[in-house]
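The structure under discussion appears below in the form of structure tokens.
The values are calculated or read from the model by the stated rules, or taken from the named source; none is laboratory data. A quick note: this is a predicted structure, and the numbers were derived from the prediction, not measured. All Cβ positions, even for glycine, are placed from backbone atoms using ideal geometry, and neighbour counts span all protein chains on display. The area values use the complete protein model at the heavy-atom level, side chains included, leaving out ligands, DNA and RNA. Shrake-Rupley method; radii C 1.70, N 1.55, O 1.52, S 1.80 Å.
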Amino acid sequence: MFAKSVLSTDLDRLVAARSRLFDCLGPAGVVSASLIAADFSMVDRVANAIGISVEPMVMGPSEDFRERLGINEFPSAANTFGAT
Amino acid sequence: MSLYSDAEYPISADTEKLHTDEILSYARPGTWGTAAQRTAIAATARKVRSDAGVQESIGDEGLASKTALSKPAQRVATAVALGGVEIDRTFCEKAQADGVTEGEYVEIVGLVSRLAHLDVFARGIGVPSRRLREPVDDKEPSCERPLEAKREGFFTETIPSEPEGGALAKSIFGKGPTPNILRSLSLVPDEARRLNAILNQEYFSVETIMNFDSSSHETLSRPQIEIIAAKVSELNQCFY
């Protein structure tokens, strides 16, 4: 819930999610979760904009859940499927 | 006064130091952009994200209009600021055909992505985005393109892992095979170094990432870290 809220337009929802996270993991947990959400906000932008492909060693083990979760339909999937 | 002195949560000295240096990096000359251009790119990205409602304005968007940016450069900054979901090879090639050099493109991607990192963190801990600095140096960018860079199937050239990438690859990534994400910005080595420094400190290093029993955060287990990462990447529709 927190990861979704921190990227959303709904500030009230973010405040509620942060409060729940604080109750579960304490103040350091809020900081750590925010750092990870921030890191992947950066990584995702770089990966999408540079068009990097997923390494072959990762493709096999992720095959079942990629299909099931619709990840293969992301526009950036073409950067990997087009490259292999 | 420390960067996050207004935060209700405990921010480590290492995070304060890294993020303070990040904020300053936008106001300094880069490899391809002047300090004024980089400040304007950062402010443009802020404005785009504020206008989209995914972060709250702190009123520093005016820095975007202090330096004239080309329309193609603004388009790249805008697309990356919003997640880069719609960016494909055609977009990248058009940006270059419209006058954004390959090095400039990579530098804008790195700069805007790193700013999103800072702004999402600030939002996560419930403080306003940290204010952008005025440009601090009028030195001309070096515009140095590494000779080791080559086509590897991505939208832009990158430096191969060591040993093919030579001493430069070793100085940026370390020895041996390096994941594509850590090499993605390597056409602009300073951007790659900054991306890697952030991930080394806040996520995992190349040496620790495959140790699934370890966690880089005392309060989060490895599965909890990866669930947050996966959810964010789903929202950004990032296949990687």
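The contact between chain A and chain B removes approximately 5200 Å² from the accessible area (both sides summed; 1.4 Å probe; ligands, DNA and RNA excluded). The label point for B:Glu207 and the one for A:Met59, both projected 7 Å from the Cα toward the Cβ, are 3.2 nm apart. At a probe radius of 1.4 angstrom, the accessible area of chain A per residue rounds to 45 square angstrom. In this structure segment B:166-235 gives 47 Å² per residue of accessible area when probed at 1.4 Å with all protein chains present. So what's the angle, to the nearest 10 degrees on a 0 to 90 scale, between helix A:11-50 and the longest Cα principal axis of chain A? So the helix axis and the longest Cα principal axis differ by about 30 degrees. Per atom type, chain A shows carbon and sulfur on 59% of its accessible surface, probed at 1.4 Å. With equal scatterers on the alpha carbons only and no solvent term, can you work out the Debye log10 of I(q)/I(0) for segment B:180-240 at 0.21 1/Å? The computed values of log10 I(q)/I(0) come out as -0.97.
Round to a whole angstrom and tell me the spacing of the C-alpha centers of segment A:1-59 and segment B:191-240. Computed from Cα coordinates, the inter-centre distance equals 10 Å. Counting protein heavy atoms only, chain B has 53 percent of its accessible area on carbon and sulfur, 1.4 angstrom probe.
Stokes-Einstein D for chain B at 4 °C, 1.567 mPa s, Kirkwood Rh over Cα pairs, in µm²/s? Once the numbers are plugged in, D ends up at 69 µm²/s. A rounded overall shape is assigned to the protein assembly as shown, the ratio a/c of its alpha-carbon gyration tensor axes (a ≥ b ≥ c) being less than 1.5.
For segment A:15-32, accessible area lost to neighbouring protein chains reaches 40 Å² or more, against the chain alone with a 1.4 Å probe, at A:Arg18, A:Leu25, A:Val31, A:Ser32.
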